[in-house]
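Engineer: This is the structure I want to talk about, given as structure tokens.
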Amino acid sequence: MSGAGACRLLGEVPVLIVHPPGGAAPLPTVLWFHGLGADKESHLPELQRFAAAGLLAIGVDAVGHGQRRLSDFEQQFARPAEQREQLFNTLVAQTVAELPGLFDALVDSGLSDGQRLAVAGVSMGGCITYGAASRDRRLRAAVALLGSPAWLFAQQGDFPVARFFPTALLSITAENDCVVPPAAARTLHEALAIHYVSHPERLDYRVIAGAPHFMNGEDWARAVGDASAWLAGFVCRSVG
């Protein structure tokens, strides 16, 4: 079984690493990102599930969170909605900007296989996932749970959606999500379809019927299971 995980720094970024049972480095790897206000330790069960599927599972403290939490986090996010959104988008963008360096460090250390890299996350972490999938061409797979790409389009109204292909992208949204409405993710997938026409199996959009953002345990377990299967299918298999 996968273990409890080990905390360390990759450069200046705090991470929690869970190794797959019996895996030999370099390993297929997924970086996992938490939601707003949470931290890498919040999702140890999800990291263990990914590790059990054969992945080196690495939880990352997003910028302003966890071991590097903003000292005035609560005050910052108690500000008016427009200022909260601006801060949120800034933290997401700064976290996305760190990803290439994290993958470089993992590959250079011999831990990760540079041809089998992935990223996934929930809520704020899902927003980070969309940014990562559009930025780093090395990613073989990505899973955004309850996230939104709206911040990308807010930064660039003519954002080039072609950047996502050929990364295998799975988006899982909740039908009744009032925290992170699913419309932007659905619109993105509609725009992406033409770019994935040669490999439609690499693009999937799923909706959890009747679920709110903070869903019940059964729905969450199913969503994580779908994410794990998607990542293992595209990242754990041999490159060829």
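Engineer: Quick one: in region 109-158, which of the residues that are β-branched (V, I, T) and open to solvent by less than 10 Å² (accessible area, probe 1.4 Å) is nearest to W32 (Cα to Cα)?
Structural biologist: So the residue we want is V119.
Engineer: Follow-up. Is it fair to say T167 is under 19 Å from D204 (Cα atoms) and not small (G, A, S)?
Structural biologist: Yes; evaluated as a whole, the condition is true for this residue.
Engineer: So, one more: Select, from D108, D113, D104, the only residue that is over 16 Å from the mean Cα position of the chain (by Cα) and in contact (Cβ under 8 Å) with a residue 40 or more places away in the chain.
Structural biologist: Just one listed residue meets the conditions, D113.
Engineer: How many of the residues making up region 59-84 are touching a Gly at 6+ places or on another chain (Cβ under 9 Å) and among the hydrophobic types (A, V, I, L, M, F, W, C)?
Structural biologist: Matching residues across region 59-84 total 5.
Engineer: Quick check on my filter: what residues within region 50-80 are more than 28 Å from R237 (Cα to Cα) and aromatic (F, W, Y)?
Structural biologist: F73, F77, listed by residue number.
Engineer: Still on this structure: Hand me the list of strands (runs of 3 or more DSSP E) wholly inside region 1-90 holding 3 or more residues that are in contact with a helix residue (DSSP H, G or I) (Cβ under 7 Å, 6 or more places away or on another chain), open to solvent by less than 30 Å² (accessible area, probe 1.4 Å) and modelled with pLDDT of 95 or more.
Structural biologist: 13-18, 27-33, 56-60
The values are calculated or read from the model by the stated rules, or taken from the named source; none is laboratory data. Keep in mind the model is a prediction, meaning the values are calculated, not measured. Quick reminder, even Gly has a Cβ in these numbers, built from the backbone with ideal geometry, and neighbours come from all protein chains shown. The accessibility values were calculated without ligands, DNA or RNA, using every heavy atom of the protein model including side chains. Shrake-Rupley method; radii C 1.70, N 1.55, O 1.52, S 1.80 Å.
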